[in-house]
Amino acid sequence: MALEDYRKDMELCAKCSICKFIPLEKMKGVQPANVCPSISKYNFNAYSGGGRVNIGMAMLDNRLEYTDKLLHIIYNCQMCGACDVSCKYAMDMEVLEPIYEFRIKAVEEGHTNPALDKVINSLRKQGTMVPGAKAKRGEWAKGLGLKDFTRQKTKVVYHVGCLTSYDKDMWKTARATVNLLNKAGVDFGIGGENESCCGGRAYQMGYETDFIRQAQNNMALFKQCGVETIVTACADCYHAFKVLYDKFGLKGNLEVLHITEYLDRLIKEGRLKPRKKVAMKVTYHDPCHLGRLGEPYIHWEGKEIPGFQRRFDPPKELMRGTYGIYEPPRDVLRSIPGLKLVEMDRIKEYAWCCGAGGGVNESNPEFSLWTADERIAEAESTGAEALVTACPWCEKNFNQAIKECGSSLKVYDVVELLEKAI
Amino acid sequence: MALDKDIYRAFEDVVGPDNISDDPAILDSYSYRWGPQTETFGQRFAAITLPKDTAEVQAIVRLCNKYGIQFKASSTGWGSMSNPGGPEVIKMDLRRMDRIIEINEKNMYAVVEPYVISVQLQAELMKRGLNCNIIGAGGNCSAHPYAAHYGGGHMGESTSLRERNILAVEWVTPEGEIVKLGSLGSLGEWFCGDGPGPSLRGITVGHAAPCGGIGVFTKAATKIYHWAGPPIFPIEGVSPQYAPSEIPPNFFYRYYSFPSAKEMVEAQRRIGESEIAFEVMGFNIAMLASNMGTSNDEDYAYFEQFRKLIQGPGFQVILMGNSPQDFEYKKQVLEQIIRETKGESLKPVEDPKIAGALIWRSIRITASIRECFRAGGAFSAALGGTHPYGEEVAYMEAVSKLKKDLIKKGILRDDDGYYLTWPHEHGHLGHAEILIQFRQTPESIDAIMGFSEAAMKMAIDNRYGVPHSLSGMAPDMHDMFGPHASNYNVWQRRLKQAFDPNEVSDSSGYIKGKQQQGVS
């Protein structure tokens with residue numbers, strides 16, 4: 001697909017501004033009402049979902065040149081998809097897809113962001129989205145005696161992901177995951193040094209070719225090793241394997257589970273029994289790529305029905321965020337004795353982004369942390385002592401923001417809290 | 001047209017470098033247009049500014065006077081009235097002015113800045129047992145009572161309309177003076193628009209809001225109303241599958257159709273007279289289907305189902321009881337009125353799950369975008385005014401014939417040609433509109449333009465009053481209607497000339513200081 005392929009969607013934009021706010025039916029007060037970090041920070045309409053598709057049209061009509069401001073607009077979006085969900089409450093049109101395509105077009109035409117180029121160079125040379133990483137990819141598992149799925153066949157593969165592998169602060173989550181899977185008696189393996197980046201964040205940054213190369217290599221390895229199920233604790237990896245690989249026709253029959261889905265299943269099957277009390281009041285942050293963007297990809301092929309309503313034969317179902325992964329992480333938290341889960345105002349399909357997505361964490365750290373600060377304030381307002389999430393990128397960004405703003409809020413991954421209870 | 005560098009710098013000094021831009025990408029996100037347009041992009045603004053408060057608005061206005069540049073201020077900027085009227089217009093996007101200044105429960109008013117949207121205000125009010133009017137365009141529009149070209153909405157029966165809810169106002173005039181109207185001007189309080197203190201409400205509002213034509217209304221107080229429902233409506237589910245877990249106590253929803261407009265009008269008049277309804281909204285079934293359907297496919301299926309089940313034109317009613325006894329009384333009165341006017345309930349929407357969703361959607365007003373834009377993105381309308389209800393319906397019955405002709409020709413979506421109607425303040429005044437959905441082609445755009453002109457001519461020839469379509473859209477049309485309505489255009493122009501001698505407040509949505517040649 002290309003930006004041109006979304007012209008008919010973009011022509012439907014009514015400039016109603018609904019993309020800037022949480023779904024109106026769910027608004028509970030004057031704040032927090034906003035759902036899009038980019039328009040909330042930069043205020044000009046071009047930074048909103050609607051504004052982005054408007055200037056996408058302008059680009060197709062050759063009205064625009066690449067200016068510094070245009071590139072600032074293109075790259076200062078976390079690709080969190082909140083605008084897409086809010087719009088699709090009312091409209092049958094794609095919003096996030098043309099935003100992706102606009103960024104991909106910019107990259108293909110050589111208008112890249114230097115900070116993102118650095119990340120992609122790291123991906124190309126070292127297979128990681130964490131440039132300058134000193135650790136080796138499999139080092140976190142040293143001494144754990146885990147199976148290497150490339151050498152020993154295992155039904156389940158635990159894909160750790162770039163950030164958790166290369167950031168030593170994140171190793172605790174990987175080790176907690178291993179601990180839980182072992183306790184549940186799961187036969188699983190890891191890739192270790194053979195694990196490679198899912199490519200999802202490269203796609204978010206606009207580097208579609210790099211993403212496809214990563215996806216093809218990964219799927220070739222999975223097929224070669226007879227992998228049936230991939231479990232990951234990273235929301236970006238989850239979205240890449242489950243949604244993007246499927247979108248590009250590469251996923252095949254691979255079952256993709258987020259660790260929270262898998263743990264929820266193991267708890268409900270009685271294979272994990274949280275018994276220890278974890279006396280803590282927490283609030284849960286829905287990672288964008290697990291929540292609203294984590295629903296299955298919907299393939300469609302057909303034609304538009306002539307007439308005055310935009311309808312298709314066969315009917316075309318849009319991804320609206322309805323079937324994202326919202327309950328499994330909450331159910332895992334609810335299963336922990338003593339733990340009290342309280343909700344923030346913006347949750348599930350209209351959750352506020354952590355700020356780390358879409359390359360913003362790398363290209364504009366100030367904006368990334370500003371976005372995280374908003375969420376931290378929202379979490380604090382619930383009276384929770386900890387903010388729990390299910391993605392290492394969210395965790396890292398929240399921790400960085402907390403360090404800078406001096407909040408006393410703690411940040412945990414769902415996995416860490418469950419481990420405390422087992 | 002680009003601003004001279006020194007002039008740009010002068011504006012930049014007011015708002016700061018992060019809050020002004022003349023980059024084409026920024027400008028084009030404001031010049032994109034929806035609706036029956038031959039070109040997707042209209043005139044670009046010379047620059048976009050983002051003032052944060054009244055002082056910055058005032059400074060921008062004064063610079064516009066100094067340099068002879070026009071300005072156009074807007075809130076969410078949905079309507080065409082927020083577009084520039086020429087090449088040398090700078091935009092004031094009031095997005096950063098988004099505070100609720102005060103909610104006064106005792107005196108029942110709220111003071112807002114322009115970028116507070118209606119659902120924000122409503123949500124805060126409901127926590128306090130209060131509610132506000134929301135314009136029919138939707139809860140995503142500004143809560144500021146000057147922000148729309150017409151301020152009626154679904155809850156007009158119990159919350160009136162914007163033009164009548166305006167209380168005290170802070171106004172930056174086109175010459176850059178800050179004027180405080182009503183009680184704000186004498187007591188520094190917001191409770192009244194007409195005094196003690198200077199009352200210019202008639203002048204500043206006129207037939208409808210001035211749509212950017214006479215300065216910037218930076219803060220305004222609006223009347224608020226009683227709400228007997230829960231502080232937070234019990235909506236469950238994930239978008240767009242929202243529905244309440246249960247209909248809160250003392251709420252009731254029905255959609256009734258009637259053998260003809262005559263019976264429908266009589267039923268609405270009697271419901272108003274008995275003061276029983278919280279909301280009476282004359283959705284046609286196409287709009288009802290859009291409210292219910294979460295996609296065009298569902299919308300289509302509901303419409304095809306409903307068109308076989310109705311007798312003729314209809315409306316939906318929401319009752320809200322203050323007590324079980326009050327609720328029971330209202331229900332009984334409603335049932336009697338419907339029985340005596342030969343109304344029939346549309347059975348599928350009696351289902352509590354559907355009725356509950358429709359109650360909330362029609363109070364929060366979230367589905368107007370679906371009703372107008374989802375089908376194919378292109379929508380237009382002919383609007384009545386705010387007149388005796390029977391007159392409004394008679395006008396729409398007449399316009400409906402024009403619409404049906406276009407449907408027969410295959411130019412519009414076939415929704416059986418119905419219009420929509422709603423009464424105001426339990427009284428005999430009301431409003432009516434007719435929506436049309438079409439596909440953008442040169443042929444359809446010509447036909448839509450012809451339809452609009454014919455509807456306007458019909459309003460003049462048959463004395464249906466001044467339609468709200470005029471406000472915010474076509475300044476020269478006031479000169480067409482004025483001679484048939486007490487020459488109001490002459491007075492409106494004099495006000496424009498008096499308050500805006502340099503004509504810096506872009507009048508493309510109001511009336512121009514100079515009369516256009518050839519228009520009498």
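Side notes on the structure shown:
- Contact order relative to length of region A:116-268, as percent, for alpha carbon pairs under 8 angstrom and 6 or more apart: 25
- Interface burial for A against B (accessible surface, 1.4 Å probe, total of both chains, Å², rounded to 100): 5600
- In region A:360-422, chymotrypsin sites (Phe, Trp or Tyr not before Pro) in a DSSP loop with at most 12 other beta-carbon atoms within 10 Å: none
- For region B:5-93, averaging the sequence separation of C-alpha pairs within contact (under 8 Å, six or more residues apart) and dividing by the residue count gives a relative contact order of 31 percent.
- Residues with amide H under 5 Å from that of B:Gly282, placed H, sequence gap 5 or more: B:Gln316, B:Thr421, B:Trp422
- Approximating the spin labels as points 7 Å out from Cα along Cα→Cβ, the A:Glu255-to-B:Tyr329 distance works out to 6.3 nm.
- Nonpolar atom fraction for chain B, defined as the carbon and sulfur part of the 1.4 Å probe accessible area, stands at 50 percent.
- Pairs with C-alpha atoms separated by more than 28 Å, drawn from the list A:Lys41/A:Lys410; A:Lys20/A:Lys172; A:Lys26/B:Lys403; A:Lys273/A:Lys340, are A:Lys20/A:Lys172; A:Lys26/B:Lys403.
- Estimated from the Cβ-Cβ distance and a Förster radius of 35 angstrom, the FRET efficiency linking A:Gln152 and A:Arg275 is about 0.65.
- Accessible area per residue for chain B, computed on protein heavy atoms with a 1.4 Å probe, is 35 Å².
- FRET E, pair B:Ala498, B:Arg62, Förster distance 22 Å, beta-carbon r, rounded to 0.05: 0.75
- Loop sites by DSSP among the trypsin sites (Lys or Arg not before Pro) of chain A, restricted to those with at most 16 other Cβ atoms within 10 angstrom, leave A:278-422 as the longest stretch without any of them.
- Theoretical gain in end-to-end length, A:Glu228 to A:Tyr66 [0.36 nm per residue, Cα-Cα removed]: 53.9 nm
- Built amide H within the under 5 Å cut-off of A:Cys354, gap 5+: A:Cys288
- Reduction of at least 40 Å² in accessible surface, 1.4 Å probe, comparing all protein chains with the chain by itself, residues of region A:39-86: A:Asn43, A:Phe44, A:Asn45, A:Asn54, A:Arg63, A:Leu64, A:Lys69
- Taken over the alpha carbons of the protein assembly as shown as equal point scatterers, the Debye sum produces base-10 log I(q)/I(0) values at 0.07, 0.09, 0.10 Å⁻¹ of -0.60, -0.97, -1.17.
- Between amide H atoms placed 1.01 Å from N, distances below 5 Å from B:Lys219 occur with B:Glu170, all of them 5 or more places distant or on a separate chain.
- Residue-by-residue Karplus 3J(HN,Hα) for region A:363-369, coefficients 6.51, -1.76, 1.60, Hz, glycine and proline x: 8, 8, x, 5, 5, 4, 6
- Interface burial in region B:367-383, defined as at least 50 Å² less accessible area with all protein chains than with the chain alone at a 1.4 Å probe, covers B:Ile369, B:Arg374.
- Filtered GluC sites (Glu not before Pro), region A:76-157: DSSP coil and at most 15 other beta carbons within 10 Å: A:Glu109
- Computed with a 1.4 Å probe over protein heavy atoms only, the accessible surface of chain A comes to 35 Å² per residue.
- Taking the accessible area of region A:286-372, probe 1.4 Å, and keeping the other protein chains in place, the carbon and sulfur fraction comes to 55%.
- 3J(HN,Hα) couplings calculated from phi for region A:171-188 with the Karplus curve 6.51 cos²θ - 1.76 cosθ + 1.60 (θ = phi - 60°) are, in sequence order, 4, 4, 5, 4, 5, 5, 4, 4, 4, 5, 5, 5, 5, 7, x, 7, 8, 9 Hz; Gly and Pro show x.
- At the residue level, B:Glu335 shows approximately 90 square angstrom of accessible surface with a 1.4 angstrom probe and all protein chains present.
- Springs join every pair of Cα atoms under 10 Å in this Gaussian network model of chain A, and among A:Val130, A:Val95, A:Val186 the largest mean-square fluctuation is at A:Val186.
- Ellipticity at 222 nm from helices only: DSSP H runs of n ≥ 4 in the protein assembly as shown, each -39500 (n - 2.57), divided by the residue count, give -11000 deg cm²/dmol.
- DSSP beta bridge pairing in the protein assembly as shown, given as percent antiparallel to the nearest 5: 60
- Bridge type composition, chain A - antiparallel percent by DSSP, nearest 5: 15
The values are calculated or read from the model by the stated rules, or taken from the named source; none is laboratory data. Since we're looking at a predicted model, the values are computed, not measured. Neighbour counts run over all protein chains shown; Cβ positions are idealised from the backbone, glycine included. Protein only, heavy atoms only, side chains kept; ligands, DNA and RNA dropped before computing areas. Shrake-Rupley method; radii C 1.70, N 1.55, O 1.52, S 1.80 Å.
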